[in-house]
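Here is the structure we will look at, set down as structure tokens.
Read-outs: derived from the displayed coordinates by stated rules, not from any lab. All values reported here derive from a predicted model rather than from experimental measurement. When we count neighbours, we look across all protein chains shown, and the Cβ atoms used for this are built from the backbone with ideal geometry, even at glycine.
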Amino acid sequence: MNAPAWTRERAAELLRSPGPGDDKYRRGVVGLRTGSARYPGAAVLGVEAAWRAGSGMVRYVPGSESPGARSAVPGLAAPAAAVLAARPETVFGTGRCDAWVIGSGTDPALRTAAEAAALRALLRGTAPVVVDAGALDLVRGIGSEHAPLVLTPHAGEFARLAERGAAESGRDSAADGAARDAAVAELAAELGATVLLKGSVTRCASPNGEVLHAGPATPWLASAGTGDVLAGALGALLAQHAEAVRADAALPVRLAATAAVLHDAAARIAAGDPEGRGAGRPITARDVADALPAAWAELVGRVER
Ligand SMILES: NC(=O)C1=CN([C@@H]2O[C@H](COP(=O)(O)OP(=O)(O)OC[C@H]3O[C@@H](n4cnc5c(N)ncnc54)[C@H](O)[C@@H]3O)[C@@H](O)[C@H]2O)[C@@H](O)CC1
Ligand SMILES: Nc1ncnc2c1ncn2[C@@H]1O[C@H](COP(=O)(O)OP(=O)(O)O)[C@@H](O)[C@H]1O
């Protein structure tokens, strides 16, 4: 049986617009502990997307790196400086957060013990956490008491996490779609976490076996950094619904699929590819983040395409 497609209409129902009783805190505070000396750009992309997907406040907390951590290029700005330059609205340092994004732009091989402990504390907290890229390996072994988690692996990361061969979880094809759905649902059940497997079709599974499809997305999305944008946007949506997420175990998988639909809608606008079949023009991850507000308006029906 095919998993249901998460439609634009269903996604729009979860895009929460502010009302007169809102303030920046009530609208949702998202914290990002992402990026590194090696990958400062990933921090910028996630922060940008978190703002552009409707957060009331975005906090950025640089991870602690060993003194020997090397940037990819000597003299490259540290992630916090890059975030500040790109988005001065961002609030730096710790404070109350309704949801977290961790792992984007980090390499587990370079992680310090102090950083691992700080990330495990978030994973064992109460605020929902988007677990991306270099933090995915921390999920195994945190125990059964943990925050609502949404893991966002690409196919290579999924294969490592699920301890499967890449061929089993790699490229999208209709023939093995059902097997891939089953593999994503199995991992979600095993880890007690929502799993969002990125690809042309993004597959989202809840621990209780619900699987939703978003896409196929515009193939222009297959570009470095767009996953960092997705993680930031998903963090924003989780922060906006954080209280409901703690009460309703079915919500994270729907928010994950909503983030994927919003992300694709932004990429289609940026690329000039409304049908999502590869018409239009090349885009960058930053273009996708910049188009999130227009995609939001399009989904909630405030503007024509
Ligand atoms: N501007 C930036 O700072 C950017 C930083 N990035 C960060 O770079 C780090 C490394 O991420 P990567 O994904 O490149 O490397 P990884 O080391 O996680 O995975 C790449 C390996 O997985 C395999 N693979 C299989 N299926 C794949 C798929 N569908 N997509 C990608 N790889 C697949 C590749 O062949 C390759 O061997 C992450 O922390 C990521 O967040 C990237 O997001 C790119 C942009
Ligand atoms: N062929 C494709 N068609 C449409 N979208 C794709 C395709 N391949 C990848 N994507 C999307 O592009 C994004 C890539 O994310 P990811 O692999 O994490 O990249 P990065 O780590 O460089 O940010 C995901 O949202 C994924 O769903």
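I need the helices of the chain that pass two filters: whole DSSP H segments spanning 18 Å or more by Cα along the axis, and mean Kyte-Doolittle score no lower than -0.5. Correct list, ordered by number: 40-52, 177-191, 226-240, 251-271.
Report summary: the helix-based calculation at 222 nm, which adds -39500 (n - 2.57) for every DSSP H run with n ≥ 4 and divides by the residues of the chain, gives -11500 deg cm²/dmol. For the chain, the relative contact order comes to 22 percent (Cα pairs under 8 Å, sequence separation of at least 6). A simple charge model with +1 on the Cβ of Lys and Arg, -1 on the Cβ of Asp and Glu and nothing else charged puts the dipole of segment 16-299 at about 500 debye relative to its Cα centre.
Shape of the chain from its Cα gyration tensor (a ≥ b ≥ c, root eigenvalues): rounded if a/c is under 1.5, otherwise prolate when a/b > b/c, or oblate? Rounded.
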